[in-house]
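Participant: Questions regarding the structure given below will be posed in turn.
The values are calculated or read from the model by the stated rules, or taken from the named source; none is laboratory data. On a predicted model such as this, the values are computed, not experimentally measured, just so you know. Cβ sites come from the backbone with ideal geometry, for glycine too, and all protein chains shown count toward neighbours.
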Amino acid sequence: MELIKAENVSKDYLVGEVAIRALNGVNFVIEPASFVSFVGPSGSGKTTLLNLIGCLDKPTEGTLTVAGSDVAGLDRRQGAAFRGEHIGFIFQDFNLMPVLTVYENIEYPLLMVQSVAAAEREERVRKLLDAVGMLDQKDKYPDQISGGQKQRVAVARALVTNPKLVLADEPTANLDSKTAYMIIDLMKKMRDEFKTTFIFSTHDQKIVGEAEIIYTLVDGAIAGRQAKGGNGNG
């Protein structure tokens, strides 16, 4: 069964009294355990699409099904609960909390979103710290670690709730090339281990080159789809 299905999805925004169409009749299917990139120039609709998939916004028209739910029908509270259960997020500026340690940043969603018991929290956090190579840095604060290490922590935090889907908006934009490739390899390893789907909105050719399915957006519409190796069922 597909993880995400978009059928004629459009999104309009009001700028003053003028309606601007950010997405125009988009259709696609994405399967579980996929590594997908949405690419296109600024203003093409990439971030809008990620916001719709992530239940941060609703389509104006069409049907968008994520993990079996029509997300357009969710109210704000239901959308937040749905995100907490099914979706992880990775941001280009990491969005770590400076007053929390590496360990506490990863643990935070389990406390605030899922109310996981203490023993299971520790098991999940330590497993992911080890998986991303940050167990020895667990007591440091974000300002004491490098950009690449921060993004490793962000990957672990996105995965700690056992989501079906991780949405990543320009996750390598603030990293040098060597570190960016390390993070991409790490995310692929996490996808293989946890069967999580990763969806990227990006200009970064390093991610585009590693993505297994690439959708090109132009003026709010899908102008092309390319599948290469890996899971090409999207």
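Yes/no per residue for (1) closer than 25 Å to Thr172 by Cβ; (2) surrounded by fewer than 13 Cβ atoms within 10 Å (Cβ to Cβ); (3) over 21 Å from the mean Cα position of the chain (by Cα):
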{"position": "Thr63", "(1), (2), (3)": "no, no, no"}
{"position": "Val66", "(1), (2), (3)": "yes, no, no"}
{"position": "Leu74", "(1), (2), (3)": "no, no, no"}
{"position": "Phe91", "(1), (2), (3)": "yes, no, no"}
{"position": "Leu111", "(1), (2), (3)": "no, yes, no"}
{"position": "Ala117", "(1), (2), (3)": "no, yes, yes"}
{"position": "Glu122", "(1), (2), (3)": "no, no, yes"}
{"position": "Ala131", "(1), (2), (3)": "yes, no, no"}
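Participant: While we're looking at this one, here's another question. Go through the stretch 208-234 and give me each residue that's crowded, with 21+ Cβ neighbours inside 10 Å and modelled with pLDDT under 90.
Facilitator: Gly234
Participant: Could you check the stretch 76-89 and list, in sequence order, the residues that are under 18 Å from the mean Cα position of the chain (by Cα) and in a helix (DSSP H, G or I)?
Facilitator: Answer for the stretch 76-89, where residues must be under 18 Å from the mean Cα position of the chain (by Cα) and in a helix (DSSP H, G or I): Gly79, Ala80, Ala81, Phe82, Arg83, Gly84, Glu85, His86.
Participant: Here is a follow-up. For residues that are at pLDDT 90 or above and part of a loop (DSSP other than H, G, I, E, B), scanning just the stretch 93-109, find the one that is nearest to the chain's Cα centre (by Cα).
Facilitator: Restricting to residues being at pLDDT 90 or above and part of a loop (DSSP other than H, G, I, E, B), the top hit is Asn95.
Participant: Do the conditions hold for Ala168, that is, is it under 20 Å from the mean Cα position of the chain (by Cα) and surrounded by fewer than 18 Cβ atoms within 10 Å (Cβ to Cβ)?
Facilitator: Taking the combined requirement at face value, the residue does not satisfy it.
Participant: State which residue is farthest from Val9 (Cα to Cα) when the search covers only the stretch 195-206 and only residues that are at pLDDT below 90 and crowded, with 16+ Cβ neighbours inside 10 Å.
Facilitator: Result: Asp204.
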